[in-house]
Amino acid sequence: MADRIELRGLRVRGHHGVFDHERRDGQDFLIDITLWLDLRPASVSDDLADTVDYGALAQQAHDIVAGTPRNLIETVGAEIADEIMTDRRISACEVTVHKPSAPIPLAFDDVAVVTRRSPKTGPARPR
C-alpha cells in the first residue's frame with residue numbers, strides 16, 4: 001500500500017519518564033505519525049468520511065501523550081499505535097515519539113522511539 005497520511009511535529013506536554021522531576025515538571029514531546037491506507041475512496045468521493053480525519057488523529061495522540069504518565073516513551077508510542085490500529089481502514093502505522101529534552105548528560109539533538117503496527121503484529125498488550 002503506497003498511500004499514506006503523515007502528521008509531523010505534533011507538540012504535546014507530557015509527564016513521562018523514570019525520574020521524579022520528569023513526572024513533576026513535565027516536558028514537551030514531539031509526535032510523528034504515518035498511516036498507510038487506501039486513499040482511493042476519499043479521492044473519488046471527496047468526502048472526509050472516506051478517509052482518516054487528521055485533526056481527530058492529532059487529538060487522539062495528544063490525549064494519550066498528555067494523559068496518564070508512563071515511565072517509558074516506548075509505552076506511549078505503543079499506546080498511540082495500538083489505538084490507531086483500531087481503525088480497520090488502516091493497513092499499518094508508524095509512530096515516532098521524540099523526547100528532545102531527555103535527561104542525557106551529553107549534547108544531543110533528539111532521542112526517539114519508533115513503533116510500527118500492522119494487523120499482523122497486533123497490539124503490544126492484549127485488549
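The values are calculated or read from the model by the stated rules, or taken from the named source; none is laboratory data. All values derive from a computational prediction rather than experimental measurement. Please note: Cβ atoms are built from the backbone with ideal geometry, for glycine as well, and neighbour counts cover all protein chains shown.
Things to note:
- Single condition Ala58 does not satisfy, out of (1) in contact (Cβ under 8 Å) with a residue 40 or more places away in the chain; (2) within 11 Å of the chain's Cα centre (by Cα); (3) in a strand (DSSP E or B); (4) over 21 Å from Thr121 (Cα atoms): (3)
- Complete set of residues in region 103-117 that are assigned to a loop (DSSP other than H, G, I, E, B) and either charged (D, E, K, R) or crowded, with 16+ Cβ neighbours inside 10 Å (or both): Asp109, Asp110
- Some residue of region 41-55 being of a type in the set (Ser, Thr, Tyr), in contact with a strand residue (DSSP E or B) (Cβ under 8 Å, 6 or more places away or on another chain) and not in a strand (DSSP E or B): yes
- Test result for Glu22, part of a helix (DSSP H, G or I) and surrounded by 13 or more Cβ atoms within 10 Å (Cβ to Cβ): yes
- Residues (touching a residue at least 40 places away in the same chain (Cβ under 8 Å) and either of a type in the set (Lys, Arg) or over 16 Å from Arg117 (Cβ atoms) (or both)) located in region 43-55: Thr51, Tyr54
- Across region 19-42, the qualifying residues are those that are of a type in the set (A, V, I, L, M, F, W, C) and in contact with a Lys or Arg (Cβ under 9 Å, 6 or more places away or on another chain), and the one among them that is farthest from Ser118 (Cα to Cα) is Phe29.
- Among the conditions (1) in a strand (DSSP E or B); (2) free of Cβ contacts under 8 Å to residues at least 24 places away in the same chain, the only one that Leu30 does not satisfy is (2).
- Hey, Ala42 among the small types (Gly, Ala, Ser) and surrounded by fewer than 16 Cβ atoms within 10 Å (Cβ to Cβ) or not: no
- In region 67-95, the residues that are touching a residue at least 12 places away in the same chain (Cβ under 8 Å) and crowded, with 21+ Cβ neighbours inside 10 Å reach residues that are of a type in the set (Gly, Ala, Ser) and part of a helix (DSSP H, G or I) with C-beta atoms within less than 6 angstrom, at least six apart or across chains, in these pairs: Ile80/Ala61; Cys93/Ala81; Val95/Gly77; Val95/Ala81.
Condition check ((1) within 14 Å of the chain's Cα centre (by Cα); (2) modelled with pLDDT under 95) across all residues:
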position: Leu7; (1), (2): yes, no
position: Arg11; (1), (2): yes, no
position: Asp20; (1), (2): no, yes
position: Arg40; (1), (2): no, no
position: Asp46; (1), (2): no, no
position: Ile73; (1), (2): yes, no
position: Val76; (1), (2): yes, no
position: Ala81; (1), (2): yes, no
position: Glu94; (1), (2): yes, no
